[in-house]
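The structure appears right after this line, and notes come after that.
The values are calculated or read from the model by the stated rules, or taken from the named source; none is laboratory data. In this text, all values refer to a predicted model and were calculated from it rather than measured experimentally. Here the Cβ positions follow ideal geometry from the backbone for every residue, glycine too, while neighbour counts run over all protein chains shown. SASA here: full protein model, heavy atoms, side chains in, ligands and nucleic acids out. Shrake-Rupley method; radii C 1.70, N 1.55, O 1.52, S 1.80 Å.
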Amino acid sequence: MRWRLLWLLCAAARWWGAGGKTLRGGFASAAARRDPWRPVAGFQFHGDHAVLCVRIKNVAVAVAKAARLHLFQAQEWQKLQNGIEDQSCTEKFSKAQLTMTVNHTEQNLTVSQIPYPETWYVFYVDKFTCEENYSESEDIQFEMVLLNPDAEGNPLDHFSAGESGLHEFFFLLVLAYFVTACIYAQSLWQTLKKRGPMHTVLRVLTVALLLQAGSALANYLHFSSYSKDGIGVPFMGSLSELCDIVSQIQMLYLLLSLCMGWTIGRMKKSHGRPLQWDSTPTSTGIAVVVVVTQSFLLIWEQFEDTNHHSYRPHHGLASGLLIGLRVCLALSLAAGLYQIITVERSTLKREFYITFAKACILWFLCHPCLATIAIIFREYQREKIITMGVILCQCISMVILYRLFLSHSLYWEVSSLSSVTLPLTVSSGHKNRHHF
């Protein structure tokens, strides 16, 4: 029931904000008059032959209402909104960089001479938008297609400047997952079947990896369809978001459970006794509270910014809190592991905990660090830097953890890990020792 609710929330968020670059709907005079500063669309144009194509059905209604589309560059529009001068509605719209009069069944507007990719906002305006007098009128049914030039200079690319390259990135990522699965899947499955001392840890880690791979595949399928029609498959977008959220929760649960178990075990036991998970109310309570908090913030983030991918520049409150939570988790886990490392005498054990600490810090801090670094880049570059960077860093973190938990020498030196069980799960209860 819990995961079903999570799925419904994420799917609803994605559907409500279905942010394709082929838009269909109706230009409503009442809505434009009530909120004239709300754009119909936003798109990051680039190159010299970008095109805005509009198709309408009821031309007579559009002509009678003097329907127009006004295009503003994001920076210019922001200056108008924040300007000291008190300008009227008509005066503001008169300063649009481009204007299209909607009076034909199909019209194209070329956006050219763009020095660098930048967001443009499209506003619908008619004779009722800035006037006090208003009479009910029929909506203008439309289809709007926003296109950038492709490699040959033809306006056929549905991707905005901020999304270009993501399709190819997810293709390569899915290909890498497939090749890796072909090479290592059989040996990993045999290891899991032996149900050795790290069975529970490896099982949770493998589930998180499969969810990450599923998210990448869903994103690739969505972008493949999106490249053809500018809409994509919203269901696949929802599925990608869901897989990523559940994977983040799984990894948080795994890393926090292990680290909290070792830390609490160290605090309560003498140095001569082996470290092991001690599922006390304190450790279990901390794990549950943090996991629930991150789950809530991840779902809140979906509602706060629905036109996005799994990783993006952060502007909302939920995104900021999520960044703060990840930083706090990284610092707290690093502090706990540092206490263990400083009193540990065994060189192999220290190496084990140091490597584990690096994987934890990389997993939790890659997103905050990349979001901070992306600020120095232009807006259209930020989403790609964050998305690609976070996915690659988290893949590296998983590889480090796999190498760590599948290492024979470290297994038997850190023999206490043989009793590790995660909180809120059924204990494996395996006392025997099997070599892999």
Taking the stretch 197-242 as the search range and keeping residues that are in a loop (DSSP other than H, G, I, E, B) and not aliphatic (A, V, I, L, M), which one is surrounded by the fewest Cβ atoms within 10 Å (Cβ to Cβ)? 230
Take residue 45 and decide whether it is under 17 Å from residue 93 (Cβ atoms), modelled with pLDDT of 90 or more and not acidic (Asp, Glu). no
Collect the residues in the stretch 102-155 that are over 30 Å from residue 78 (Cβ atoms) and free of Cβ contacts under 8 Å to residues at least 40 places away in the same chain, keeping them in residue-number order. 133, 135, 151, 152
Of the candidates 317, 424, 417, 406, the one satisfying the condition of being modelled with pLDDT under 90, over 22 Å from residue 208 (Cα atoms) and of a type in the set (A, V, I, L, M) is 317
Positions within the stretch 69-111 being open to solvent by 60 Å² or more (accessible area, probe 1.4 Å), of a type outside the set (Val, Ile, Thr), closer than 30 Å to residue 154 by Cβ and out of contact with any helix residue (DSSP H, G or I) (no Cβ under 8 Å at 6 or more places or on another chain), in sequence order: 75, 76, 106, 108
Is at least one residue of the stretch 170-187 surrounded by 21 or more Cβ atoms within 10 Å (Cβ to Cβ), in a helix (DSSP H, G or I) and touching a residue at least 40 places away in the same chain (Cβ under 8 Å)? yes
Please indicate, with yes or no, whether at least one residue in the stretch 134-156 is surrounded by 13 or more Cβ atoms within 10 Å (Cβ to Cβ), at pLDDT below 90, out of contact with any Ser or Thr (no Cβ under 8 Å at 6 or more places or on another chain) and among the hydrophobic types (A, V, I, L, M, F, W, C). yes
Would you confirm, using the coordinates I've provided, whether residue 327 is over 20 Å from residue 257 (Cα atoms), more than 15 Å from the chain's Cα centre (by Cα) and of a type in the set (A, V, I, L, M)? no
